[in-house]
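What follows is a short report on a single structure.
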Amino acid sequence: MKIGITCYPTFGGSGAVATALGSQLATRGHEIHFISYAQPFRLGRFNERIFFHEVEMEHYPLFEHPPYALALAVTIHDVVRAHDLDLVHVHYAIPHATSAWIAQEMLGEEGPPVVTTLHGTDITLVGVHPSFQPITQFSIHKSDGVTAVSDFLRNETIRDFEVPPDRIQVIPNFVDIAIGKLSERCRYRHTLAKENEKIVMHVSNFRPVKRVLDVIDIFSGIVQKMPSKLVMVGDGPDRAIAMDRAKSLGISDKVSFLGKHSYVDELLSSADLFLLPSSSESFGLAALEAMAAGTPVVASNVGGLGEVVVDGKTGFLCTVGDVETMTSHSLNLLSDPVLWKSFSEMGLSVVRSRFSAAKVVPLYERYYSEILGSR
Ligand code: GMT
């Protein structure tokens, strides 16, 4: 198949998953055309079946807010025509599903089917805002196929966007790294912490939804009881307040802020514990990546996280904001090597059996065929 993929190219789970999917599909013989305003951050080396088409924007002074959605629609239209695409798959509904629909309308009879994958805040936070709800609902209804990354997100979409249940297929996120390369577990340990210190890690875009202050507070409880370091990976609006909190708690020297990194698997495999105390998470790709690296997770029990982290087996899920319980579970895991090993191994086994590329990519292929066949 010749498939166009549109996603946000910047750091974030939806772009990571879209890129992994495109790369895996190319390996399986499909021709993939990424269409976005920049090259997706995890798009690696040259592959003869992967193409990237940059959306060109005219920066005319009148445009205080340049109409990206329109420029994207034109690029999708042009790429479909030039490369005779069979299908366009957009990740994150806003504005991608709308741009794809415009392109389809412009193409008329020639327009290929559009599949929209819903990722999270395109439904739960931004999508339900009155300034976006009607156009998001319209564009989802106009998509030929709709997938959601978790049952939770599917149910939210059915409820808030009046989409008939049989119109949304759940296809979970996946990891395309070698799952649990235990020989590499210690690769960065010595640069991140001392021999006797445990490594606690958090990876995110530091937006308010990630509750990075809870991360600092949980770690503060851990470091009082055992030698440890907190490694914060990523960047975003709440980095400064997280740094201030660490300073005011007197633990700045125990916390490293590494900034943005495109690939986090090796870092995660150096960690003893992964923290994700978010207030909302439709899936929690970072938690899945931690489990794939053999690292147990302590997270909040929200959204689709319970579909990824098996509570009491691969991690612990707690009420949002319950820093005390999260701290005590963290200490239990870090101080009990037998418990830690069983969580680490169970995490790897869950990822292998449900969230590997080999399990998930064929679900997308089957779904594409179904959509193409139903036209
Ligand atoms: O929805 C967002 O906030 C952005 C999006 C992203 O691009 O990172 O994150 C969402 O999609 C990820 C990939 O499917 C999920 O793992 C995240 O849980 C989800 N974020 C939220 O629901 C807050």
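If we count every other residue with Cβ under 13 angstrom of ARG42's Cβ, Lys/Arg +1 and Asp/Glu -1, where does the sum land?
Net of charged neighbours comes to -1.
How many times 2.2 N^0.38 Å is the alpha carbon radius of gyration of the chain?
Normalised Rg, Cα atoms only: 1.01.
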Sorted on mean Cβ neighbours within 10 Å (highest first), peptides 308-315, 219-226 come out as 308-315, 219-226
Positive dipole terminus of the chain, leading residue within LEU348, SER36, THR10 (C-beta point charges): LEU348
Ranked packing of 73-80, 279-286, most packed first, by mean Cβ within 10 Å: 279-286, 73-80
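Please label the shape of the stretch 177-355 as rounded, prolate or oblate, based on the square roots a ≥ b ≥ c of the eigenvalues of the alpha-carbon gyration tensor (a/c under 1.5 means rounded; beyond that, a/b larger than b/c means prolate, else oblate). Intermediate values should be presented prior to the final figure.
Numbers: a/c = 1.34, a/b = 1.19, b/c = 1.13.
Because its axes are fairly even, with a/c under 1.5, the stretch 177-355 counts as rounded.
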Straight-distance crosslink candidates among aspartates and glutamates, where the alpha carbon sits under 16 Å from LYS2 and sequence neighbours closer than 8 are dropped: GLU31, GLU48, ASP78, ASP84, ASP86, GLU110, GLU365, GLU370
Rounded to the nearest 20 debye, what is the charge dipole size of the stretch 72-148 about its Cα centre when +1 sits on each Lys and Arg Cβ and -1 on each Asp and Glu Cβ? 300 debye
Run the count for the stretch 177-355, please: Lys pairs, Cα-Cα under 14 angstrom, 8 or more apart or on different chains. 8
Using alpha carbon centers only, the stretch 79-125 is separated from the stretch 206-266 by a whole-angstrom value of 37 Å
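Using the Cα centre as the reference, give the magnitude of the dipole from point charges on the C-beta atoms of the chain (Lys, Arg: +1; Asp, Glu: -1; all else neutral), rounded to the nearest 20 debye.
Details: 33 positive and 42 negative charges, 241 e Å.
Once rounded to the nearest 20, the dipole reads 1160 debye.
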Considering the dipole of the chain built from charges on the beta carbon (Lys and Arg +1, Asp and Glu -1) around the Cα centre, which of PRO134, LEU72, SER256 is farthest to its positive end? SER256
Net charge contributed by nearby residues that have their C-beta within less than 10 Å of GLU110 (K/R +1, D/E -1): -1
Using the Cα centre of the chain as origin and beta-carbon charges of +1 (Lys, Arg) and -1 (Asp, Glu), tell me which of ALA100, HIS202, LEU363 is placed farthest towards the positive end of the dipole. HIS202
Sort out for me the Cα centre separation of the stretch 327-351 from the stretch 1-50, rounded to whole Å. 34 Å
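All of the numbers you see were taken from the coordinates with simple rules; none came from a lab. Since this is a predicted model, take the numbers as computed values, not measurements. Counting neighbours? That spans all protein chains shown, and the Cβs are built from the backbone with ideal geometry, glycine included.
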